[in-house]
Amino acid sequence: MNAQRNSRPTGASSAGEIRATFEGERISCAPGASVAAALIATGKRGWRETRTGATRGLFCGIGVCFDCIVEIDGESGQRSCMIPLTEGMDVRAAQGPGEAPHAVAAHAGAAPEAGAAAEVRTAAEPSAGADPNAGASPSAGAGPSAGAEQTGTDA
Amino acid sequence: MSAPQAAPEPATGAATQSVRAAKRAPHVDVAVVGAGPAGLAAAAAAADRGASVAVIDSAEQPGGQYWRHRSETAGAPERGEYHHGWGEYLALRARFDAGVAAGRITYFPATSVWMARALPGANDTVGSAGATDGTSEPRATGAPAAGAVAAARFALELAPAYGGGASEPRAIRTAALVLATGGYDRQLPVPGWQLPGVMAAGGIQAFVKQNGMLPGSRFVIAGTGPFLLPVAANITQAGGSVAAVLESASLAGWLPRAHRAAGVPAKAVEGAGYVATFLRHRISYRVRTVITEILGTDHVTGVRTARVRANGEIVAGSEREITGIDGVGLGWGFTPQLELPLQLGVATRVDVDGSLIGVVDETGRSSVDGLYLAGEITGVGGAPLSVLEGEIAGRCAASAVLGDAATVTPAERRALARNRGFAEAMHLAHPVPTGWAERLTPDTTVCRCEEVTAGELGHAHEELAAEDLRTEKGLTRAGMGWCQGRVCGFAVSCLSAGAGGIGAAATPDATAAEASLAQSAKRPIAQPLPLSALRDLGELGELGEGAAL
């Protein structure tokens, strides 16, 4: 089935479309529509890879599940279902939770270059309370091993 | 329609410097968390009463999930075609906007409350449930002089709902607090539900309402409850198609309680509208039918379905396959969002639908002095009940602070009883079906964030004596990921207790499952927030002299 067939917003002309990029590729949607809407309008169904390599896209649609997270203008862990697309937004695929470096420096300071430096910066502000691996997160009470290193799941 | 006035600029992205300069947490009579049906009504009612009100909501514009709509600032016309009760929204919104214009209501959109706490030393009694046996007479022994703001009883710590930085202000202090945080779709795992294209039924609806487009073209909607019907209707309205709506319950569950539905005629009218829509679009509506597996490789392409008996067994020979779809919507009722009430220590109970809810009296007062709850967090019952509860709670919270007497009218009392009766009948007729746990395969993903399988959870339960969610979490990481167990918490609670359900679908192990559910709902940080919001946490310890809004 073609996801694009019904993806044209009803009642909206393409004249006033908001234009941005996902991994450098052009995405667009009607004003006020979400980043997720722009990704879906471009024909994408999934845009995040989990640590096991599975693809994820929208699930709860209302900011609860975090399946749809992307990186927006260098800010990691952003829920694409919650955030309206704005002109020129630089949207990137999220790093899998097992792959991103868990630096907790307040800010990487110098303008990040491509590659490693950019990764450090994106990890600078993980969402406390959501990312159990954020060492500085005060979510220790959230679970018996919140803040612990990744443990094997075959226990 | 005439578009509501543009919402104020979101209070996000402010320079940290100016926030530090302020160093004061604004101080109001009544703070309302949530701007959905209950929160909007509570804010309007409290403002009408003369209270100073702050409304904090994570969305860009008022309406909550139920009345989520196209962006008001983008100039897209919102005619309410995807909504029920849009006229009621506009009326509530007009009162809300009037309160904002008059300076009675201060609105903080795109803002999350990540922590709520009671302030020490607030000795005056603003009112709590229980002691007065449901009367609505306020016990405002410490009522302030006219014009003054009552002593602050709660502090709410704020953060931007998305993006980085800190919110401005970073905290709010309030004499009375109305929590109207709503809920989200309850989920049960099914093999293949992690495939892209599979969504919460409510998520499909929210997507249509906000974006005016669909996240796919042909869908199967499955789960239980009347809520599946408007989701399917919205899909056809937006130009998509629905291959089938699969309802796990037998609608015979309504028969013994049909009089309760008759007491709420609007529901029957709404239902008749869906029947017409389904006939017009030739949507197949199958009862006692569930999805047994979702098919696809990189995204959903089909589902396997089967009819089930009341005991959860699959009817032999009833298996079918629906292909040619690119979307699935799943919903098994709703989970109330209880983080903030639990942080403040409210008394809770498990409702007939298996949801953990806050205990309140008829005015919405909880077991905590000065804390009122309204909407789905007092029992899932839909928007009209939420509006009614919000109206009463907002009015009574304001009254308790201002020291005058608000009452629940006989008409409101009757409407509450009718709507709650309907909600209970709905929950009993649409239980979480038994048998879902048996249909999981060992490699079925249960915790989507941490990718924990049913096999891993079963192993921890059977071999390592994990009999509650907390232990399962420690052993398997289920519920420890991004969503903090919001999606899998119900299922893991049931599985870890060896129960197929909680509440009306109770098995002998339901009590253990309920205790486990309460554990899963406790989240010391209620909403995700950037670490930058915590950078100067020391300052939050001293809220300073409050500046009245």
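The numbers here are math on the coordinates, done by the rules we state, and not lab data. Values in this document were obtained by computation on a predicted structure and should not be read as measured data. So basically every Cβ, Gly included, is an ideal-geometry build from the backbone, and we count neighbours across all protein chains shown.
As I understand it, the value is the acute angle between the Cα axis of helix B:410-429 and the longest principal axis of the Cα atoms of chain B; what does it come to in degrees, rounded to 10? With rounding to tens, the tilt is 30 degrees.
For the segment A:65-78, counting C-beta atoms of other chains within 10 Å of every residue's C-beta and taking the mean gives 4. In segment B:30-109, the alpha-carbon atoms span a convex hull of 81 Å³ per residue.
Computed over segment B:409-500, the range of Cα coordinates on each principal axis works out to 55, 27, 21 Å, biggest value leading. Only alpha carbons enter this Debye calculation for segment B:144-222, each as an equal point scatterer, and the log10 of I(q)/I(0) it gives at q = 0.14, 0.24 Å⁻¹ is -0.77, -1.17.
On the principal axes of its alpha-carbon atoms, segment B:145-304 has extents of 62, 47, 28 Å, going from largest to smallest.
As a rough guide to protection, the peptides B:266-279, B:420-433, B:368-381 ranked by mean Cβ packing within 10 Å, highest first, stand as B:368-381, B:420-433, B:266-279. When both segment B:359-437 and segment A:42-66 are represented by their alpha-carbon centers, they are found 35 Å apart. Considering only Cα atoms, the convex hull volume of segment B:276-321 works out to 96 Å³ per residue.
Note on B:Thr73 and B:Arg349: with the Förster distance fixed at 30 Å, the Cβ-Cβ geometry gives a FRET efficiency of about 0.15. Restricting the calculation to Cα atoms, every distinct pair contributes to the Kirkwood radius of chain B, found to be 24.0 Å.
Its residues counted as N, segment B:355-480 yields a C-alpha radius of gyration over 2.2 N^0.38 Å of 1.50.
For the peptides B:79-88, B:290-299, the ranking by packing is B:290-299, B:79-88, with the highest mean count of neighbouring Cβ atoms within 10 Å listed first. More than 18 angstrom separation, counting every C-alpha pair in segment B:342-394; what % is that? Summing the P(r) tail past 18 Å for segment B:342-394 gives 25 percent.
Quotient of the Cα radius of gyration of segment B:299-415 and 2.2 N^0.38 Å, N being its number of residues: 1.55.
Compared with the direct C-alpha span, the chain from B:Thr409 to B:His281 gains 41.8 nm at full extension, assuming 0.36 nm per residue. Computed over segment B:430-471, the quotient of the alpha carbon radius of gyration and 2.2 N^0.38 Å is 1.24.
If you take the Cα centroid of segment B:277-312 and the Cα centroid of segment B:165-180, the two points sit 44 Å apart. Just the Cα atoms of segment B:209-367, one point each, no solvent: what log10 I(q)/I(0) does Debye give at q = 0.14, 0.17 Å⁻¹? Log10 of I(q)/I(0), two decimals: -0.89, -1.13.
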